[in-house]
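The values are calculated or read from the model by the stated rules, or taken from the named source; none is laboratory data. Please read all numbers here as calculations on a predicted model, not as lab measurements. Glycine also receives a Cβ, built like all others from the backbone with ideal geometry; neighbour counts cover every protein chain displayed.
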Amino acid sequence: MHRITIGNVEVTALLDTNLLMNPRHFMPAHADEFVKQYGDQADARGLYPMSITCYLLRSAGKTLLVDTGLGPRSRPGFPKGQLPDALKAANVDPGEIDLIVNTHLHIDHVGWNTVEDEGGKTQVFFPKATWIIQQNEWEYWMQPEFLEAPGNDHLRECVAPIEGHAKLVSAESALDEHLTFIPTPGHTPGHVAIGIASQGERAVIVGDASHHPVQLEHPDWSPAFDVDPVLSAESRDRLFDEAAADGRTWIAGHWQHPGFGRIVRLEGKRVFQAL
Ligand SMILES: [Zn+2]
């Protein structure tokens, strides 16, 4: 079990699944350079390890979950998620979760929001939780052109059904005395990172502001699925610099599990040091 504390906030990494990433699908505009510069990190098939990690937080007397992984359904090109096994290993029942924060509303961050019961009826998987979602993120994806699009089953299955359980907020609101939102738009319009500050210690849960450590050197290598790749590169670059400047703990759900470390400057370059 990978667990760290940031002052009075406890952070436990819960693996939903590991993935193998193909740069030709993931960032086709930069795939040639990716392979040229980082080919030594690939496996025999030219694939690169990534993870989908959710984070369980204990903060200010509440239990929170940041992102809910891929979920139980078969999705083209993705494995099924295993978050319930990780929760069990951490001795946490889904009914104990008070708040769920979806950093944004993509398929690999909302999967366990809901499950289907034996009768095929959609139920929330966390029966007592309130979902905290950015209002602009919700409004963007709930537009009919996205909600009704054939490839967006996850919006119909995992996002729309939680409406009665969700509180829509702006990034200026604080989650509690230790937890804030850090607006990091670009990947999606309402994407947020989560800032943690307690007892003089700091951390950031980066969400999809960055998918892979190669972006430390190449913040402009935006994945194909960034809604605004220029804006996402700016958000990513800023988040890296802020983390390097004050040494806050870096918590990245798509970097290799558990995704805990620090961004440091070595000889003028930003470098990741895993915890
Ligand atoms: Zn993601």
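Structure notes:
- Test: residue in region 210-221 that is touching a residue at least 12 places away in the same chain (Cβ under 8 Å), away from the ligand (no atom under 13 Å from the Cβ) and among the small types (Gly, Ala, Ser): no
Residue-by-condition table, conditions (1) within 15 Å of the ligand (Cβ to nearest atom); (2) modelled with pLDDT of 95 or more; (3) not charged (D, E, K, R):
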position	(1), (2), (3)
Arg3	no, yes, no
Asn8	no, yes, yes
Pro28	no, yes, yes
Glu33	no, yes, no
Gln37	no, yes, yes
Asp43	no, yes, no
Ile52	yes, yes, yes
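- Scanning region 191-211 for residues that are out of contact with any helix residue (DSSP H, G or I) (no Cβ under 8 Å at 6 or more places or on another chain) and either surrounded by 22 or more Cβ atoms within 10 Å (Cβ to Cβ) or within 17 Å of His109 (Cβ to Cβ) (or both) yields Ile196, Ala203, Ile205, Gly207, Asp208.
- Total residues in region 200-247, condition among the small types (Gly, Ala, Ser), closer than 19 Å to Pro189 by Cβ and either part of a helix (DSSP H, G or I) or more than 17 Å from the chain's Cα centre (by Cα) (or both): 5
- Positions within region 33-53 being out of contact with any Ser or Thr (no Cβ under 6 Å at 6 or more places or on another chain) and part of a strand (DSSP E or B), in sequence order: Tyr48, Pro49, Met50, Ser51, Thr53
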